[in-house]
Structures are given as C-alpha cells and as structure tokens.
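The values are calculated or read from the model by the stated rules, or taken from the named source; none is laboratory data. The model shown is predicted, which means the values in this text are computed figures rather than measured ones. Heads up, the Cβs are rebuilt from the backbone with ideal geometry, glycines too, and the neighbour counts pull from every protein chain shown. Heads up: the accessible areas ignore ligands, DNA and RNA and are worked out on the full protein's heavy atoms, side chains in. Shrake-Rupley method; radii C 1.70, N 1.55, O 1.52, S 1.80 Å.
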Amino acid sequence: MHTLQFQGRDITSIEDFTREEINYILKISKTMEPIAKKGSDMLKGKILANLFFEPSTRTRLSFEAAMLKLGGSTIGFGDVENTSVKKGENLADTVRTVENYADIIALRHPLEGAAKLAAEFSKVPVINAGSGSEEHPTQALLDLYTIEKEKKKIDGLKIALVGDLRYGRTVHSLAYGLSQYNIELTLISPDSLRMRREVLRKIQTKIPVTETQNLEKIIPQIDVLYVTRIQKERFPDQAEYAKVKGVYRIDLETLSNAKKDLIILHPLPRVDEIAAEVDSTPQARYFQQVWNGIVVRMALLALVLGSIK
Ligand code: CP
C-alpha cells in the first residue's frame, strides 16, 4: 500500500514532485495505454475546464482527448478574444468563476507565476499547462514517460537539451524532472539562450551538467537529444532573435555520427530545427511523444480527481 497523495493536488511545477511520485505517475500512465485505445467511464460526470490564454495544439487537445477517453467532459476556451478577459476581467476572478463550472482546471498563460496564482484562488485543482517561459510540468512528465518507454530506463542515460534553453519552458521543467534521476545532462545553446541561471544552480546540485555551444562534438556521445524551437514570440528584441534564428538544425548529416539507438525528442511545434528528412529515421520519436501526452494526461486527471489512488 503506497502513501502517495495526488487527489485534489494542484500541479503548478514539476518541482512539487518527488522521484517516487514521478515514477508513480509514469507507472499509472502506462496502465492508461490500453484504456486510451478502448475508452473508460472512470471520470464520468467530471468536467475539465481548459483555460488557454495562449495558443496551443497539443496540450489543449490532449487534455481534452484525455478527459473524453476517461468518460468526462470539457469546457473552456483556446482564445481569450471571446471571453470577459477582453472586458478587463482578471485571472483571479476568471478562476473563481470557472471553479463553479468544473472539477479541475488546466491553465495556459503567458505570465510566469500565473498557474500558482490561479491555484491560490481556485477551490478546484489547477494544472499548469504552460506558464510563460517558466514551466510546463505536464510536458516534462510526458517527456520522462517517453524516455523511459523508449530506452527502458532513465538512470544512466546521457541526455542533451538543445536550442532555446532560456525562453523555452519545457526545458526548465524537464531539467528539474531529470535532476531526480542519475543522468548526465548536456545543455547546448548559443550564449544568449543559455539555461536560466536559477534552474542551472538547482540542477547542478543533483546531477553533472555541462554547457556547450557545440552540437556536433556532443552528438556521438548521447542517448537522448531533446530539440527545442527558438521561441521567437518571447524575445523582447527581434534583432536578438535574428542573431540566433536557425542556429541549430538537425538533419541527416548531423545524425551521421550519432549512436544508432539515439532517440530524438521535441515538444513541438517545430519550425526549422529538425529537417523533415529526419522524420523517417529510426531515431525520430517526436510523434510517438505526442501520443504519450494523452496517456500521461489521462493519468494525471485520474489521480488528481481521485479515481485512481
Ligand atoms: N508541446 C506543447 O506544449 O505544444 P502546444 O503549444 O501545441 O500545446
């Protein structure tokens, strides 16, 4: 009998979870694989509110699909244009309204700290579906699930994160999550997009971390390459974006020196950082990663809503 407690919990940061809790979420996610194919009424009568103040394809639709596959329902918005936010309603009031309509809220917001603020005001659990450049904890959980599913382990791997490590929120959550495991982490980015210092300081106390700009030198050594988009929309100065646009591009030539069993992940959307020719290689796993988003979010909904203990 385990003593982990998920029911009623907010999920605002991956840092809220111990390694034991992450492992339990990954275990429950695996049990969701067959359920995702045949459906269930586990969450019948429950309602998820998707409040998306920023664009999304995968996170919003996979939360919605996850809830539907478990027999629940969804409400919400993917665009604030048609909501009372346009009349000046603030986040706290929006949340205190929506909690009357739903059992759980998934929130994506451009501001860092938005999920934590929403959780303070909400009577129902809040899941952070992406908060500015800060965090994207459910993406990190599906990334960890993908690594474990594909490599049959997480401990012992050499993992590299490449691209925009400053503005990309997924890499912040993933770095925190990976730091719970015995891995070696390499951070590959241009100088202006190095990993946020507060994240680096924390993870360096737990795992060996190397920073470099040289992808070619690192690629023969690594087991997992996690590629990210340069987050154009988050640059305060577009001239700075122009300097780093297209700085890393993974193509067949890049992979010529890679291990045969390297896996390439990407939270998506991609722009030009992975060439289309890579999609048909055995190393490409980013579309399998998309499927994993469903089962991990099913697990989270079932755990937080208490239908799985
Ligand atoms: N990975 C991810 O968060 O994708 P979306 O922005 O499409 O939700």
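Over 28 Å between C-alpha atoms is what I'm after, so list which of Lys27/Lys245; Lys27/Lys158; Lys87/Lys116 land there.
Numbers: Lys27/Lys245 38 Å; Lys27/Lys158 22 Å; Lys87/Lys116 23 Å.
Table pairs above 28 Å Cα-Cα are Lys27/Lys245.
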Partner aspartates and glutamates whose C-alpha sits under 12 Å from that of Lys202, ignoring same-chain residues fewer than 8 away, are Glu15
Quick note, the range 224-309: a/c under 1.5 would make it rounded; otherwise a/b > b/c is prolate and the rest oblate (a ≥ b ≥ c, C-alpha gyration tensor); here it is oblate
Percent antiparallel among DSSP beta bridges confined to the chain, rounded to 5, stands at 5
Residues meeting the amide H criterion for Thr186 (H placed from the backbone, H to H distance under 5 Å, 5 or more places apart or on another chain) are Ile159, Ala160, Leu161, Thr210
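Considering only protein heavy atoms, what per residue accessible area in square angstrom results for the range 137-290 with a 1.4 angstrom probe? Intermediate results must be reported in sequence, preceding the final value.
Details: 6630 Å² over 154 residues.
Accessible area per residue: 43 Å².
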Ignoring ligands and nucleic acids, Ile230 exposes an accessible area, probe 1.4 Å, in Å² to the nearest 10, of 30
Candidates Ser179, Ser84, Ser62; GNM for the chain (alpha-carbon contacts under 10 Å) flags as most fluctuating Ser84
So the angle from the long Cα axis of helix 137-151 to the longest Cα principal axis of the chain, reported in degrees to the nearest 10, equals 50
Scattering profile of the chain from the Debye formula, Cα beads only, expressed as log10 I(q)/I(0) at q = 0.08, 0.12, 0.14 Å⁻¹, is -0.34, -0.79, -1.07
With all protein chains present, the chain has a carbon and sulfur share of its accessible area (1.4 Å probe) in percent of 50
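At a Förster radius of 51 Å, what calculated FRET efficiency corresponds to the Cβ-Cβ distance of Ser256 and Glu120, to the nearest 0.05? Present the calculation step by step, with values, prior to reporting the outcome.
Details: r = 51 Å, r/R0 = 1.00.
So, using R0 = 51 Å, E works out to roughly 0.50.
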Expressed in angstrom and rounded, the centroid-to-centroid distance over alpha carbons for the range 286-309 and the range 28-72 is 7
Quarter of the surface of the C-alpha convex hull for the range 49-170, i.e. direction-averaged projected area in nm², equals 8.9
Within the set Val271, Val124, Val209, GNM on the chain using Cα springs under 10 Å gives the largest fluctuation to Val271
Longest principal axis of the chain (C-alpha) makes with the long axis of helix 58-69 (C-alpha) an angle, in degrees to the nearest 10, of 50
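So, with +1 on the Cβ of K and R and -1 on the Cβ of D and E, and no other charges, what is the size of the charge dipole of the range 137-290 about its Cα centre, to the nearest 20 debye?
Values: 24 positive and 21 negative charges, 95 e Å.
Roughly 460 debye for the range 137-290.
Within 10 Å of each candidate Cβ there may be at most 11 other Cβ atoms; applying that plus a DSSP loop requirement, which trypsin sites (Lys or Arg not before Pro) in the range 18-50 survive? Walk me through the numbers on the way to the answer.
On the way: sites: Arg19, Lys27, Lys30, Lys37, Lys38, Lys44, Lys46; in loops: Lys44, Lys46.
Hits after loop and neighbour filter: Lys44.
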The correct pair for the range 29-119, radius of gyration to one decimal and Dmax as a whole number, both in Å and from Cα atoms, is 14.1, 44
Taking only the alpha-carbon positions of the range 137-290 as identical scatterers, the Debye log10 I(q)/I(0) at q = 0.14, 0.17, 0.18, 0.20 Å⁻¹ comes out as -0.62, -0.95, -1.08, -1.38
Rounded to the nearest 10, the angle in degrees between the Cα long axis of helix 19-38 and the longest principal axis of the Cα atoms of the chain comes to 70
